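Inspection log for the structure reproduced underneath, given as structure tokens.
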Amino acid sequence: MERRKDWYEHPEYYEAIFGTDTVREADFLQELSRRFGTGGNQWLEPACGAGRLVAEAASRGLKVAGYDLSEAMLAHARKRLSPAERRRVKLSQARMEDFFDPALEGRVDLAHTLVSTFRYLDSEKAAVEHLTGTRRLLKPDGIYVLGFHLTDYARSGPEHERWVGQVGKDKVVCNTHEGLPEQRLRRSPMRNRLRVTGPDKDWLIETTWYFRTYDEAQVKRLFRKSGLRVAATFDFDYDLDSPVGRGSPRLDRVFVLKPDTASKA
Ligand SMILES: C[S@@+](CC[C@H](N)C(=O)[O-])C[C@H]1O[C@@H](n2cnc3c(N)ncnc32)[C@H](O)[C@@H]1O
């Protein structure tokens, strides 16, 4: 078995696992835009990764700006676009903490960051900078859709998720492990193992990092501080007819955020 580091250096295997929900997610985002936003056609995806949602949105005729830290992920995103899609897409290498494009200021109908990516922002300052920066790019009626897991600080055991995917003849087994939250430091230790086996391959790609933690009160305070209000909340079932009620025990949340016109942030 050959050991490798950083799953984002291997976009094709990352996407074999996370690409399976793409059409459902794009349907959900479009419907959120119609119900809570403008329904307009300029989208933005902070930390767009290997571009599965960028490509899906462009294939639906939307204009998409996407950016990411990882050049390997962006290269995969660029490669997958057809010439017609490429004309509607602008990709750049940038950080969530300080991305700004003057051409997009006040022009974005829908921004979205799903699959807990927001939790990579490792401090309150970084999170506020990202949220206020993204708010600046939204139209006054635009929405920012943010999907991530809240943290139960009282949890007594680690959490574990397992998925299986396929890339050509290679089988991909993905195990993600979230250790116990460190409440004072506002972080959880994370570990991802991608085991790739095929006719000429036996790889273990192991990645470790920390995710920032939020409980319900912490996230609500952060949104307020960043000049955003919650227009609706859903969970990872992406069911528009089942919004998450106040005090729900479910920790997987999709927040539909709107610029708070009364805010001075
Ligand atoms: C879980 S992937 C999500 C990719 C994509 N949004 C999707 O739904 O498939 C997380 C992505 O966040 C990027 N990332 C992590 N920290 C970042 C930061 N501070 N600024 C920009 N991108 C970042 C990684 O390079 C990676 O591509």
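A short reminder: the numbers here are calculations on the coordinates, not readings from a lab. Note that the coordinates shown come from a computational prediction; the quantities given were computed from them, not determined experimentally. Reconstructed Cβ throughout: ideal geometry from the backbone, glycine too, with neighbour counts over all protein chains shown.
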Under 19 Å from the residue 224 label point (7 Å along Cα→beta-carbon), backbone N, the range 246-264: 246-248, 255-264
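Given the alpha-carbon gyration tensor of the range 159-212, what are the semi-axes of its equivalent ellipsoid in whole angstrom, ordered largest first, with each equal to the square root of 5 times an eigenvalue?
On the way: eigenvalues 167, 18, 8 Å².
With the √(5λ) rule applied to the range 159-212, the semi-axes are 29, 10, 6 Å.
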Stretchable slack from residue 5 to residue 175, in nm (0.36 nm times residue separation minus alpha-carbon distance): 59.7 nm
Under the Karplus curve 6.51 cos²θ - 1.76 cosθ + 1.60, θ = phi - 60°, whole-Hz ³J(HN,Hα) for the range 227-237, x wherever Gly or Pro sits: x, 10, 10, 8, 8, 6, 10, 10, 10, 6, 6
Under 5 Å, built H, 5+ apart or other chain: amide partners of residue 4: 204, 205, 206
Cα gyration tensor category, rounded, prolate or oblate, for the range 33-141 with a/c compared to 1.5: oblate
Within straight-line cross-link reach of residue 220, lysines at Cα separation under 29 Å, skipping those fewer than 8 residues along the same chain: 125, 139, 258, 264
Residues residue 182 and residue 23, FRET efficiency given R0 of 41 Å [Cβ-Cβ distance, rounded to 0.05]: 0.65
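What is the chain by shape, rounded, prolate or oblate, if you read a ≥ b ≥ c off the alpha carbon gyration tensor as root eigenvalues and call it rounded for a/c under 1.5, prolate for a/b larger than b/c, and oblate otherwise?
Details: a/c = 1.70, a/b = 1.18, b/c = 1.44.
Oblate, since a/c reaches 1.5 and b/c is not below a/b.
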Within the chain: Cβ-based charge dipole about Cα centre, in debye rounded to nearest 20 (Lys, Arg +1; Asp, Glu -1): 580 debye
Lysines with Cα under 17 Å of residue 90, excluding same-chain neighbours fewer than 8 positions away: 63, 79
Residue-averaged 222 nm ellipticity for the chain, from DSSP H runs of 4+ at -39500 (n - 2.57), nearest 500: -8000 deg cm²/dmol
Amide H contacts of residue 138 (H built 1.01 Å from N, under 5 Å, at least 5 apart or other chain): 106, 108
